[in-house]
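Working notes, structure below.
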Amino acid sequence: MKVVKLEDIIGTDQEVDGGNWVSRRLLLAKDGMGYSVHDTIIKAGTETHIWYQNHLEAVYCIEGEGEVVTLKDNKVHKITAGTLYSLDEHDEHLLRGKTDMRMVCVFNPPITGKEVHDENGVYPVIKE
Ligand code: 9YT
């Protein structure tokens, strides 16, 4: 068994600042679980364009509020603590933090960590 503590991830290369978000990657592909687990802060006032073409992701908000917009139908889904969304169709979306939002994210297949350099499918939108 393995025990991972957030405090031990912070300040390591498993804590990644993507500009609009900071993600603490608790489990990665190397951990052999078949999925990765992330504790991600989406920063207040940001909008991020995301389209994971090679991954399925479930995102569970445990703090804060914001919204996610699915671009195929322009539907706006409010996010508060206790909301989960699953991108079961590789949905292209915009993620907006009204406040800082703390999200627990699970990816299948797992993120390897190399995505830091190649943000495959993640395209930040420049805020004015
Ligand atoms: C909600 C969200 O952005 N999830 C993705 C996790 C994070 N961007 C990461 O670890 O790459």
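Computed from label points 7 Å out along Cα-Cβ, the spacing between R102 and M1 is 2.3 nm.
Among the GluC sites (Glu not before Pro) within the stretch 1-61, not one is in coil by DSSP while having at most 12 neighbouring Cβ atoms inside 10 Å. Among the listed pairs K43/K75; K5/K30; K30/K72, those whose Cα-Cα separation exceeds 25 Å are K30/K72.
Summing Cβ point charges (Lys, Arg +1; Asp, Glu -1) relative to the Cα centre of the chain gives a dipole of roughly 180 debye. Rg ratio for the stretch 1-57: its Cα radius of gyration over 2.2 N^0.38 Å, N being its residue count, equals 1.23.
Ignoring the sites themselves, the chain has its longest run without trypsin sites (Lys or Arg not before Pro) in a DSSP loop having at most 11 other Cβ atoms within 10 Å at 6-71. Taking 0.36 nm per residue of sequence separation and removing the Cα-Cα distance, the T112/H77 pair yields an extension gain of 9.7 nm.
Residue exposure proxy: W21, W51, ordered by other Cβ atoms within 10 angstrom of their Cβ from fewest to most, comes out as W51, W21.
Within a 10 angstrom radius of the beta carbon, how do T48, T112 rank from fewest other beta carbons to most? Please report the intermediate quantities before stating the final value.
On the way: T48 20, T112 12.
So the ranking, lowest neighbour count to highest, is T112, T48.
Just so you know, all these numbers are worked out from the coordinates, no wet-lab data involved. As the structure is a prediction and not an experimental result, all values here were calculated from the model. FYI the Cβ positions are ideal-geometry reconstructions off the backbone, even for glycines, and counts take in every protein chain you see.
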